[in-house]
Amino acid sequence: MYGKCKKAAYAEKVFKAMTVRDQISWNALIAAYAQQEDVGEILNVLLEMYQNGVKPNKASLVSALDACCMPVALTSGQIIHYQILDLGLETDVMLGTALFTMYGKCNKLEDARRVFDFLPKHDVVSWSAMISMYGQHGHGKEAFRIFHEMPSGGLVPNRVTYISILDACASVAALPEGKLVHACFTEGELELDVIVGNAFISMYGKCGSLENAVYMFKRMKIRDVVSWSALIAAFSQHGHGEEAINIFCEMLENCVRPDNITFVSVLSACSHAGLFAEGCKYFDSMEEDHGLTATEDHYLCMIDLFGRMGRLDEAEKYLLKIPGKPGIVAWMTLLSASRLHNDLERGCYAAEKVLEIDPQNDAVYVTLSNMLSAAGKWDEAAKLRKIMIQRGIKKSQGWSSITVDGRVTEFSAGDTSHPQTSEIHSELDKITEEIKMMGYVPDTKLVLHDVVEAEKELLLCHHSERLAITFGLINTQRGTPLHVIKNLRVCSDCHTATKYISKLTKRTIIVRDANRFHHFENGICSCGDYW
């Protein structure tokens, strides 16, 4: 009871007062500490068990591993792994599943895969957990491969499996794979299964197919707050702020009570669409009309909303209102807004705050270095990059991927590794010259290197999203829409160039970047150049 109430200290007092302790009482104490993710105390209890001649069993070890599912607890998880090996339990499916889940959440995918492959047999739980792990890390291809291998092992996917594979589809915007999963169900099954139906709405939204998301929503006979929130989120991600708000109003008319997640989607929709007054109104209505207390996620939306509008003083005030201590994401949001509006002083302040929390955060160094370069402070930017090297901090590489004929192809900036590199670069150079004739002017001030103008143009024109788009143009039939995923925010020059490319080629080009979806068609983007 104390453990479930996260009162491990009380649980320990009761435990120590017991004159007779059995396996169940030891397990209960470990579970109590696991509830609080206190891995240090868990290791102490495991050691004490050995000293008292009690061997940990599956239940105690699974509880212990569950508490280690975060990078800072990796070493503790590895110690527990050694104990499992010492006890000869490494082939147990339940423990194996807990082990590779722990490694996955600690970002050790290779270790997780080794544990999975070592298991002599797998059940539907272990398969589903592996699919989920790859999906959460954006490794859609691996998730799909495992999903398609399941039937060969005589296993039938369950609800958790389907939700996991749909999340994987969403993570890499694999719409064709998502539709194949949809084909596994009859319409009647989906109309009645609200949990799987919600997963389909979310998947279609994240894969850029609003039409299918709406269709799925309308077919469902049972809808809950998650269904409505998923549809609002889908429209929000695509920049359709007013439509998202209309759905929210319809939700209220249907007497469905919104929750905190609903309001994150609504406020995000307002931010993405530049609906400033509406965003303030709905933020205030959370507590006034719905009795909900704003969380950090809601304040982040408001920081983003004010930041995009250039009202950085007010954005910072919202940041300081966050319950508890503002985290990395809050300060990074303010840093991004400072960069957008060239507020170097505030940007330096926000960067310092992030580095107080996470000294190894590569995004801070890169963003601040870019701000210094944009301000012409080349020496200071160079010093910052030198500090990164000295501290062993590496910049996260930007990439863009595109799915053609069911295969995902990934590109980085200036990529020359693809077999079609010569053709891709030649075609891209040709397209660049053609859109220049249409009025495109490369925005070379975005190239934050002290190099000559011609080299700046070349660096811009070979950004990863342009390589992916060109690959798609070469390898698909005329008129076929292109779907591209970029792991970072699309730069303003590539955004402008893609508008011209969509007009030149008469193609619909859909780009999902770190912030939202961009639908480019006939020279216009759905975001209205606001992202």
- Task: Restrict the check to the range 324-341 and report whether at least one residue is basic (Lys, Arg) and in contact with a Phe, Trp or Tyr (Cβ under 9 Å, 6 or more places away or on another chain).
- Result: no
- Message: Need the failing condition index for Glu110 against (1) touching a residue at least 12 places away in the same chain (Cβ under 8 Å); (2) closer than 24 Å to Val408 by Cβ, just the number.
- Response: (1)
- Could you check how many residues of the range 248-266 are over 19 Å from Tyr299 (Cβ atoms) and in a loop (DSSP other than H, G, I, E, B)? 4
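Kindly indicate which of Ala34, Ala64 is out of contact with any Lys or Arg (no Cβ under 6 Å at 6 or more places or on another chain) and at pLDDT 85 or above. Give the derivation first.
On the way: Ala34 fails: at pLDDT 85 or above.
Exactly one of Ala34, Ala64 is out of contact with any Lys or Arg (no Cβ under 6 Å at 6 or more places or on another chain) and at pLDDT 85 or above, namely Ala64.
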- Any hit, the range 268-279, residues being surrounded by fewer than 24 Cβ atoms within 10 Å (Cβ to Cβ), at pLDDT below 95 and outside any helix (DSSP H, G or I): yes
- Task: Go through (1) surrounded by 15 or more Cβ atoms within 10 Å (Cβ to Cβ); (2) part of a helix (DSSP H, G or I); (3) of a type in the set (D, E, K, R); (4) at pLDDT below 75 and name the single condition Glu41 misses.
- Result: (4)
- Filter the range 473-484 for residues that are more than 15 Å from Glu521 (Cβ to Cβ) and either in contact (Cβ under 8 Å) with a residue 60 or more places away in the chain or of a type in the set (Ser, Thr, Tyr) (or both) and give the result. Asn475, Thr476
- Go through the residues of the range 234-247 one by one and say whether even a single one is touching a Pro at 6+ places or on another chain (Cβ under 7 Å) and either closer than 19 Å to His290 by Cβ or outside any loop (DSSP other than H, G, I, E, B) (or both). no
- Message: Looking at (1) surrounded by fewer than 19 Cβ atoms within 10 Å (Cβ to Cβ); (2) modelled with pLDDT under 90; (3) farther than 21 Å from Ile163 by Cβ, which one does Lys108 not meet, given that it meets all the others?
- Response: (2)
- The residue that is nearest to Trp228 (Cα to Cα), considering only those in the range 152-200 that are more than 26 Å from the chain's Cα centre (by Cα) and among the acidic types (Asp, Glu), is Glu191
- Message: Tell me which helices (runs of 4 or more DSSP H) are completely within the range 139-182 and hold 1 or more residues being polar (S, T, N, Q), at pLDDT below 90 and buried (at least 17 other Cβ atoms within 10 Å of the Cβ), or say none if there are none.
- Response: 159-171
- Some residue of the range 208-229 being buried (at least 23 other Cβ atoms within 10 Å of the Cβ), within 21 Å of the chain's Cα centre (by Cα) and modelled with pLDDT under 90: yes
- From the residues in the range 483-500 that are modelled with pLDDT of 95 or more and touching a strand residue (DSSP E or B) at 6+ places or on another chain (Cβ under 7 Å), which one is surrounded by the fewest Cβ atoms within 10 Å (Cβ to Cβ)? Lys499
- Tally, over the range 280-310, of residues that are among the basic types (Lys, Arg) and at pLDDT 95 or above: 1
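The values are calculated or read from the model by the stated rules, or taken from the named source; none is laboratory data. All values derive from a computational prediction rather than experimental measurement. In this analysis, Cβ positions are derived from the backbone assuming ideal geometry, glycine residues included, and neighbour counts consider all displayed protein chains.
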